[in-house]
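Shown next, in structure tokens, is the structure this report addresses.
The values are calculated or read from the model by the stated rules, or taken from the named source; none is laboratory data. Note that the structure is predicted; figures quoted are calculated from it, not measured. Neighbour counts are summed over all protein chains in view; Cβ atoms, including those assigned to glycine, are modelled from backbone coordinates with ideal geometry. Just the protein is used for accessible areas: all its heavy atoms, side chains included, with ligands, DNA and RNA removed. Shrake-Rupley method; radii C 1.70, N 1.55, O 1.52, S 1.80 Å.
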Amino acid sequence: MAKVFTPKVVTANHLLKGDVVYQTATGWTRDLAQAEVLTDEADATVRLIEASQQKAEVVGAYLAEVETQSGTARPTHFREEFRARGPSNYAHGKQEELSDV
């Protein structure tokens, strides 16, 4: 029996900054909520191939499983939740803007 395709986003690391980024319909974003959620396996495969070819911008592109809540993508795996929050060792990147870090 074939496995049912679940919603995914293309994620990678920005080549120069190292930040986690997510593919949108027009480029890359650091915010998972702005990522393009892919619900078709063929489309996801094409988008992943396109991302993998952008070697001057990103490295390590792959598909990450998400669920949508109120129209916003949310990680389904703790690894992706951790990556979405940004660096954990000190306040920089995404956590730089948080006051409680």
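Using only Cα atoms, find the angle between the long axis of helix 41-52 and the longest principal axis of the chain, and express it within 0 to 90 degrees, rounded to the nearest 10.
Helix 41-52 sits roughly 50 degrees off the main axis of the chain.
Among G71, Q23, V58, whose Cα sits farthest toward the positive end of the charge dipole of the chain (+1 at Cβ of Lys/Arg, -1 at Cβ of Asp/Glu, about the Cα centre)?
Final value for the positive-end residue is V58.
What residue among D40, D31, D19 has the largest mean-square fluctuation in a Gaussian network model of the chain, using Cα springs under 10 Å?
Result for the chain, Cα springs under 10 Å: D40 fluctuates most.
Given a 1.4 Å probe and heavy atoms of the protein chains only, how would you sort T45, T26, T39, T11, largest accessible area at the top?
Greatest to least solvent exposure: T26, T39, T45, T11.
Nothing charged except the Cβ atoms of Lys and Arg (+1) and of Asp and Glu (-1): what's the magnitude of the dipole of the chain about its Cα centre? Round to the nearest 20 debye.
Working: 11 positive and 15 negative charges, 48 e Å.
Its charge dipole is roughly 220 debye.
Say a paramagnetic label sat at a point 7 Å from the Cα of A33, along Cα to Cβ; which residues of the stretch 1-18 have their backbone N under 20 Å from it?
Correct set: 8-12.
State the percentage of accessible surface on the chain attributable to carbon and sulfur atoms; use a 1.4 Å probe and exclude ligands, DNA and RNA. Walk me through the intermediate numbers first.
Details: 3450 of 6720 Å².
Heavy-atom surface of the chain belonging to carbon and sulfur, 1.4 Å probe: 51 percent.
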